[in-house]
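Engineer: Below is the structure I would like to discuss, written out as structure tokens.
The values are calculated or read from the model by the stated rules, or taken from the named source; none is laboratory data. This one's a predicted model, so the numbers in the text were calculated from it and none came from an experiment. Backbone-built Cβ (ideal geometry, glycine too); neighbour counts: all protein chains shown. We work out accessible area using only protein heavy atoms, side chains counted, and drop any ligands, DNA or RNA first. Shrake-Rupley method; radii C 1.70, N 1.55, O 1.52, S 1.80 Å.
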Amino acid sequence: MNLFSRIAKNIHDFERFSTRVWELSAPYFRSSEKWKARAMLVGIIALNLASVYMLVLINEWHRVFYDALQNKDVSVFWKQLGYYGILGLLSVIFAVFRTYLTQVLEMCWREWMTKQYLQRWLTGHIFYNLELARFTKDAEDTLNTPDNPDQRIQEDIDLFTSHSTTLVMGLFNAIITLVSFVGILWSLSGTFSITLGNTTYSIAGFMVWMAVLYCILGSMVTHYIGRPQIKLNSLQQEVEAGFRHHMVRVREYSESIALDKGEAVERMLLSTRFGLVIKNYQKLILKQRNLNWFTHFFDQVVVVFPFIVAAPRFFSGAIQLGQLMQISSAFGRVQESLSWLVDNYSALADWRATTDRLASFEDNMLMIQRQRRRQPQR
């Protein structure tokens, strides 16, 4: 598969995933609880905006505070410490209420979705038809039939609501932070000149371009290393559910197993299922280890990277210590925003796997409902 085919496939996969997330999410924000849900969502967005504004003010504070240190200005030093106390307190308040509202939204959303899915699952014998379909379809179709509906309702709804809220708001926060700080970093970057032969090239906003290049390369490498985790996360859920389901089966049929002296057989079957759990988990942690190698290295380099790039201007006297620290702070915010994919790749892989399982469960319930409506009424 060539590069353009891979890009086209990734775009198609993203569109399909986005559609599934929207189809699963929209009913709650259109339900009888829509005004409460929308109010909480607006509140979270407003608190995100306020938090980013605090970061902008703190970035400016870096310049004034470190210039005071360089100039040994005691009065400005103590004044800025007091100002930082106010900014820090407001940042804490906004962060606490943002986290609280996010958790309340997740809880209410999960409660609503769980009630809806339980009602549908236990209506019209859907729970029975889903289980029956797993054993009456051919092998290929059975792979698309949801296993363990109890896990879909109990665990996947919880994961879906928490990932959807946290990751979407995280992406929103990253975009707002990027928009807020890219202009600051551009104005602080100045013009970088490089001479090749007899020609001198000037690059405006050099630090911005370096941050963009650094994060694009980091995101591409992260996607390449972390992509296998998507399938492995999904498979891990399946084998864990299969192992847990078989243990429940042993408990339910304990009397029959005891009378038939089937303990050895059940032990062998459970050991086989648990072996699948461990085997897949080993693959998963190896992939996560490889991704962790890169992400930790990526995070460590970015700490000193802006100082390395901006150091020549500082030592030449073009900028003062305060501006150097402000550049470092602004670069860190821009890099953090652009690195959202790098920092959240594992969570995104888990979100996608959860969404696929829940969407499959939804599709199968809808299919059975349509089949029942087409059946003649007795």
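Engineer: Would you mind telling me the share, in percent, of accessible area of region 221-378 contributed by carbon and sulfur at probe 1.4 angstrom? Mind showing how you got there, number by number?
Structural biologist: Details: 5530 of 9450 Å².
That fraction is 58 percent.
Engineer: Now a separate question. Accessible surface of D299 in the full protein assembly, 1.4 angstrom probe, to the nearest 10 Å²?
Structural biologist: Accessible area, nearest 10 Å²: 60 Å².
Engineer: Which order do you get for W112, W293 if you rank them by accessible area with a 1.4 Å probe, largest at the top? Spell out each step's value before the answer.
Structural biologist: Details: W112 40, W293 180 Å².
From most exposed to least exposed: W293, W112.
Engineer: Obtain the nm distance between the two label points defined at T19 and E33 by a simple spin-label model: each point lies 7 Å from its Cα along the Cα-to-C-beta direction.
Structural biologist: 2.8 nm
Engineer: Can you send over the solvent-accessible area of F297, 1.4 Å probe, protein chains only, in Å² to the nearest 10?
Structural biologist: 130 Å²
Engineer: Wrap a convex hull around the Cα atoms of region 236-293, take a quarter of its surface area, and give that in square nanometres.
Structural biologist: On the way: hull surface 16.1 nm².
Mean projected area for region 236-293: 4.0 nm², to one decimal.
Engineer: Something else about it: Sorting I58, I203, I216, I157 by accessible area (1.4 Å probe), largest first, what list results? Don't skip to the answer; put the middle values down first.
Structural biologist: Working: I58 25, I203 60, I216 90, I157 0 Å².
Greatest to least solvent exposure: I216, I203, I58, I157.
Engineer: Report Y128's accessible area, 1.4 Å probe, all protein chains in place, as a number in Å² to the nearest 10.
Structural biologist: 120 Å²
Engineer: OK, next. Can you work out the PRE-style zone for L87? Point 7 Å along Cα to Cβ, and I want the residues of region 324-353 with backbone N under 19 Å.
Structural biologist: Correct set: 324-337.
Engineer: Return the tail of the calculated pair distribution for region 26-111, meaning the percent of Cα-Cα pairs more than 19 Å apart.
Structural biologist: Details: 1964 of 3655 pairs.
The calculated P(r) of region 26-111 puts 54 percent of pairs beyond 19 Å.
Engineer: Still on this structure: Averaged per residue, what accessible area in Å² does the chain show with a 1.4 Å probe, protein chains only?
Structural biologist: Working: 22470 Å² over 378 residues.
Result: 59 Å² per residue.
Engineer: If F172, F361, F65 are ordered by their accessible area, calculated over protein heavy atoms with a 1.4 Å probe, which sequence runs from highest to lowest?
Structural biologist: Details: F172 55, F361 0, F65 20 Å².
So the residues, ranked largest to smallest area, are F172, F65, F361.
Engineer: Please report the net charge: other residues with Cβ closer than 13 Å to the Cβ of E111, K and R +1, D and E -1. Show your work: numbers first, answer last.
Structural biologist: Numbers: positive: K36, R110, K115; negative: E33, E106, D158.
Within the 13 Å Cβ shell, the charges total 0.
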